[in-house]
Amino acid sequence: MLKSIYLKLAVSSIRRNAQTYLPYLAAGIGMVAMFYIMLFLGHNGGLASMPGRDTLQQLLTFGAVVVGLFGVIFLFYTHNFLIRRRKKELGLYNVLGMEKAHIARIITWEALLTALASIGVGLGAGVLTSKLMLLVLVRILGFPAPIGFEIPGTAVTTTLQLFAVLFAAILVNSLRQVRSVQPIELLKESSIGEREPKARWFLAVLGFISLGIGYFLALTITHPLDALVYFFVAVIFVIVGTYLLFVVGSIALLKLLRRKKGLYYRPTPFIAISGMLHRMKQNAVGLANICILSTMVLVTLSTTTSLYVGIEEVLQIRYPREIVITAAGYGDEGIQWVKAETEAVLAGYGVSPAEVAEYRFFALPVFQYGSRFAADIEAEQGFSGSTFSLNLTPLEDYNRIAPEPVSLKEDEVLVYSNRGLYDHSVLEILGKRFTVKESLREFPARGLSMTEVFGSYYVVVRDMNVLEELRAAFAQTGSSRAQARYQLGFDLNTDHDQAVAVYHDLKSALRKNDEVFIGIQSREEARNDFFSLYGGLFFLGLFLGLVFIMGTVLIIYYKQITEGFEDRQRYVIMQQVGMGKDEVRNAIKSQVLAVFFLPLAVAAMHVAGAFKMITKLLTVFNLTNVPLFAACTLGTFLAFAALYALVYRATAKVYYRIVTPGDQGWRE
């Protein structure tokens, strides 16, 4: 009998608090479904037969981990909003004679019902939509894959285990909160506003410094690998700075505005500034969370979209020619053997090479000090941002495919850098000084370079005699990291399957010589792996973007509800002391608009500040098209801003109805 009473009270409570309970329940269902879908995709048998399956499964596993962690943090965070709205009701139960043990049973039933609904409906929704998500993923990748209906047992078990533990932990936390306070405190808890916080200038300055360090790192890093290392450091500084500036800096700013008598003592600014000061500490944390989530949405979607859209360009950069053969050493005998074997394989397929490019290189690691390059043992110990690869090639090889042949004196060189124009008139290397005849904007076939991650210089010297002199000088430094190599690259006017077949036959033919290391790369052979990686990243970006958007929307919704209940009595009092309805409405709108769109504005600022560093990170993935990334970033921001505005309209209506119940004069 008692159990049925507690169950009925729990059901009745959920119904009465549907305005706050249903969004939380929807969030739980969504998180369960999304987590299951990621596990389903990672364990799907059809994807196991696709090209690049290992990379794809690693990405999907990573996505499942991110969704799981976000779900844990997010559901805990949103449940705090829910339990705060319930404390007055729970306190009333206690005052009417219920002991805390009885209240605990009601909360337990509520938690059990919520968990069963979230996990049950979430798993059902995940199972029903999993095949649709699989079709979307296969469509993005562009690969044929056998698609059947399956329910991986591992995905179901893992989902049940994670969310069962999560909802149990949320229940324990709820019971702890109720048991730790007195009945009268429960009754007053939901109506207690924040005391006016102090302007902690030290923390405000610390927030500016933290944000400044993050922006400084983002704007000054020039090397892609350094960007990869320091990106997360910059992110941490920006997150810390964002929280401090929202929580502490905003208070300091509002108090400065309050000191301006001409501005403050007017109805609308007075209500907005005093109201925000009254409870800014609580609001600021929510605003900072919204800002961080919005930034995550913008960065995730813009980067993955640009990588997917620019995948063909990435392939062209990574593989300047369809086939690139690299042989250790550049002796005439070895070169002739490579050419003969290559011609034999191509003749067997009846195809001719096109856009042929071949270079002899002497490549060595160097430090750059202005116009001087230190090629010694120290170059092996430098950081990624201070070391470069210096590639020396004879003029004969350059002129073979250059748009216009050039001539050089013995002490003259041509210089090309993949990090911008070489801006010195001389170049000094290994004690020998050269005059730079021309700084090249482009290098034929990009020197058959297969990556833009590392900084590289291509130096064209007069002939092989000069090259051998430098090679001998480098040998005296004691370093063993220099490489003499021959590279041959060409395109094939054939289809994908035949290009891959040519690659495999060339690989077999050229690997017969055990005395010389020979590497071979094929654009078409790598295409499927690239589509698996970048297509998987794009799908993961869309999926995680949806998760982050859901989190942003729900936090905004609960923030509006919480503020609405806190503001209602205050605005009633304002009308009672003589303020007109229009003045109250304008004050409400100005405050809501300012507070609501502040996180979006700061998120846009964060993305703009991180833009340069992200372009360096994209270089690691061989995407160097900055205008493409800028267009994707702008498009993502506009789409998200439109969604953000729609969320504002929907949640503002809820807020206004709570603040002024029965007033039909609102126009959002």
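The values are calculated or read from the model by the stated rules, or taken from the named source; none is laboratory data. Worth saying up front: this structure is predicted, and the values here are computed from it rather than measured. Cβ placement follows ideal geometry from the backbone for every residue including glycine, while neighbour counts extend to all protein chains displayed. Ligands, DNA and RNA are excluded from the accessible area calculation, which covers all protein heavy atoms including side chains. Shrake-Rupley method; radii C 1.70, N 1.55, O 1.52, S 1.80 Å.
Between R139, R105, R53, the distinction of being touching a helix residue (DSSP H, G or I) at 6+ places or on another chain (Cβ under 8 Å), open to solvent by 10 Å² or more (accessible area, probe 1.4 Å), modelled with pLDDT of 75 or more and charged (D, E, K, R) belongs to R105 only.
Answer yes or no as to whether D529 is part of a helix (DSSP H, G or I) and touching a Pro at 6+ places or on another chain (Cβ under 9 Å). Considered against the rule, which asks whether it is part of a helix (DSSP H, G or I) and touching a Pro at 6+ places or on another chain (Cβ under 9 Å), D529 comes out as yes. Among residues that are surrounded by fewer than 21 Cβ atoms within 10 Å (Cβ to Cβ), modelled with pLDDT under 85 and under 37 Å from the mean Cα position of the chain (by Cα), Q591 is included. Residues in region 15-28 that are of a type outside the set (F, W, Y) and open to solvent by less than 40 Å² (accessible area, probe 1.4 Å) were compared, and the one that is nearest to the chain's Cα centre (by Cα) is A27.
Is region 409-430 home to any residue that is of a type in the set (G, A, S), open to solvent by 30 Å² or more (accessible area, probe 1.4 Å), at pLDDT below 90 and part of a strand (DSSP E or B)? Within region 409-430, one or more residues are of a type in the set (G, A, S), open to solvent by 30 Å² or more (accessible area, probe 1.4 Å), at pLDDT below 90 and part of a strand (DSSP E or B). Scanning for something free of Cβ contacts under 8 Å to residues at least 12 places away in the same chain and over 30 Å from R139 (Cα atoms), does region 345-362 turn up at least one residue? Taking every residue of region 345-362 in turn, at least one turns out to be free of Cβ contacts under 8 Å to residues at least 12 places away in the same chain and over 30 Å from R139 (Cα atoms). Of all the criteria given as (1) in contact (Cβ under 8 Å) with a residue 24 or more places away in the chain; (2) surrounded by fewer than 16 Cβ atoms within 10 Å (Cβ to Cβ), the one not satisfied by L533 is (2).
When T494 is tested against (1) in a helix (DSSP H, G or I); (2) of a type in the set (V, I, T); (3) open to solvent by 40 Å² or more (accessible area, probe 1.4 Å), only condition (1) is not met.
Given the criteria in contact with a His (Cβ under 8 Å, 6 or more places away or on another chain), at pLDDT below 80 and farther than 17 Å from S13 by Cβ, does G193 qualify? For G193, the condition - in contact with a His (Cβ under 8 Å, 6 or more places away or on another chain), at pLDDT below 80 and farther than 17 Å from S13 by Cβ - is met. Here E150 meets the list (1) under 32 Å from the mean Cα position of the chain (by Cα); (2) exposed (fewer than 14 other Cβ atoms within 10 Å of the Cβ); (3) at pLDDT below 80 almost entirely, failing just condition (2). Restricting attention to region 322-338, the residues that are among the charged types (D, E, K, R) and closer than 13 Å to Y359 by Cα total 1. Tell me, please, whether a residue that is over 26 Å from T562 (Cβ atoms), modelled with pLDDT under 85, open to solvent by less than 40 Å² (accessible area, probe 1.4 Å) and in a helix (DSSP H, G or I) can be found in region 170-183. Taking every residue of region 170-183 in turn, none turns out to be over 26 Å from T562 (Cβ atoms), modelled with pLDDT under 85, open to solvent by less than 40 Å² (accessible area, probe 1.4 Å) and in a helix (DSSP H, G or I). With the structure loaded, tell me whether L506 is outside any strand (DSSP E or B), over 26 Å from L364 (Cβ atoms), in contact (Cβ under 8 Å) with a residue 60 or more places away in the chain and open to solvent by 30 Å² or more (accessible area, probe 1.4 Å) or whether it fails that test. It is false that L506 is outside any strand (DSSP E or B), over 26 Å from L364 (Cβ atoms), in contact (Cβ under 8 Å) with a residue 60 or more places away in the chain and open to solvent by 30 Å² or more (accessible area, probe 1.4 Å).
On the given criteria, is T660 at pLDDT below 75 and buried (at least 21 other Cβ atoms within 10 Å of the Cβ)? Spelling it out, T660 is indeed at pLDDT below 75 and buried (at least 21 other Cβ atoms within 10 Å of the Cβ). Regarding K339, is this residue open to solvent by 30 Å² or more (accessible area, probe 1.4 Å), at pLDDT below 85 and either of a type in the set (D, E, K, R) or not in a helix (DSSP H, G or I) (or both)? In short, no. Does any residue in region 619-647 that is closer than 22 Å to L225 by Cα come within less than 9 Å, Cβ to Cβ, of a residue that is assigned to a helix (DSSP H, G or I) and among the acidic types (D, E) six or more places away or on a different chain, and which pairs are these? Within 9 Å, the pairs are N622/E313; L623/E313; T624/E313; N625/E313; L628/E313. I need a count of the residues in region 613-630 that are under 14 Å from the mean Cα position of the chain (by Cα) and over 17 Å from F538 (Cα atoms). Total satisfying the criteria: 2. Residues that are open to solvent by less than 10 Å² (accessible area, probe 1.4 Å), modelled with pLDDT of 85 or more and farther than 30 Å from D497 by Cβ number at least 1 in the following helices (runs of 4 or more DSSP H) confined to region 232-323: 280-309. Just wondering, is there one or more residues in region 462-474 that are open to solvent by less than 10 Å² (accessible area, probe 1.4 Å), under 30 Å from L75 (Cα atoms) and part of a helix (DSSP H, G or I)? No, the conditions are met nowhere in region 462-474. Which ones in region 115-136 are at pLDDT below 85 and either in contact with a Pro (Cβ under 8 Å, 6 or more places away or on another chain) or surrounded by fewer than 18 Cβ atoms within 10 Å (Cβ to Cβ) (or both)? Correct list: K131, L132, L135, V136.
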